[in-house]
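Asks: Please see the structure below; I have some questions.
The values are calculated or read from the model by the stated rules, or taken from the named source; none is laboratory data. Quick caveat, the model's predicted, so the values are computed rather than measured. Positions of Cβ are backbone-derived with ideal geometry, glycine not excepted, and every protein chain shown enters the neighbour counts. Side chains included, ligands, DNA and RNA excluded: accessible areas come from the protein's heavy atoms. Shrake-Rupley method; radii C 1.70, N 1.55, O 1.52, S 1.80 Å.
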Amino acid sequence: MIQLRVKMRSITFLYPLGFLRTRLAADIGNASKQERVYPNGMRDVTRSIWRSDGFKGFYKGYGIALASVTVYRVVYLGGYDFLKSEIHVNNGDGGVPPTIGQKFLAAQSVSMAASISYYPLDSVRRRMMMEAGKLDHERMYRNSIHCFQRILKE
C-alpha cells in the first residue's frame with residue numbers, strides 16, 4: 001500500500017513532464033511542409049496549454065493515470081503473492097516452498113497480466129492528454145469514461 005501511495009505522489013509531481021513529452025512526441029506537424037506545431041519544444045507546448053486551459057490543462061488524463069497505476073500495482077503485486085501462495089499450497093508434502101523456476105514463471109505470468117490490464121487505460125490516458133489545448137467544440141472526448149466508450153465502439 002505504501003508503494004502505491006509513493007507511486008501516486010510521483011505521478012502527481014511528474015505528470016506535467018510526461019504530458020509535455022507525450023505532446024512533443026506526437027508533434028509531427030505538416031509532413032509535406034516540414035513544419036512543426038511546436039518548433040521551440042517544451043516552451044511552445046507549455047505556452048500553448050497554459051493559454052488555452054491554464055494549470056489544469058497539464059493534468060488532462062490525470063485521473064485515468066492514477067486508476068491505471070492502481071490497477072497495474074494491484075495485479076502485479078497482488079497477483080504475484082497469490083500465485084506464489086497457490087504454488088506453495090499445491091506443491092504437496094505439507095506445502096513445499098516454490099522452486100526458483102516456479103517463482104520465475106509466476107513473475108512472468110503476473111507481469112504479462114499486469115501489462116495487458118494496464119494498456120487500455122494507458123491508451124485512454126494518452127488520448128486525454130492530446131485533448132488539452134483544444135477548444136471545447138474541437139474535443140472528441142468529454143472525459144475518460146467517454147473516451148473509453150468511444151474506443152470500444154470503434
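Asks: State the number of residues belonging to the stretch 121-142 that are within 10 Å of Gly61 (Cβ to Cβ) and open to solvent by 40 Å² or more (accessible area, probe 1.4 Å).
Replies: 3
Asks: Here is a list of conditions, (1) open to solvent by 60 Å² or more (accessible area, probe 1.4 Å); (2) touching a Phe, Trp or Tyr at 6+ places or on another chain (Cβ under 6 Å); (3) touching a residue at least 60 places away in the same chain (Cβ under 8 Å), and Tyr118 meets all of them except one; can you say which number that is?
Replies: Failing condition for Tyr118: (3).
Asks: Go through the residues of the stretch 78-99 one by one and say whether even a single one is open to solvent by 50 Å² or more (accessible area, probe 1.4 Å), touching a residue at least 24 places away in the same chain (Cβ under 8 Å) and out of contact with any Phe, Trp or Tyr (no Cβ under 9 Å at 6 or more places or on another chain).
Replies: yes
Asks: Could you check the stretch 51-88 and list, in sequence order, the residues that are in a helix (DSSP H, G or I), among the small types (Gly, Ala, Ser), more than 18 Å from the chain's Cα centre (by Cα) and within 30 Å of Asp136 (Cβ to Cβ)?
Replies: Ser52
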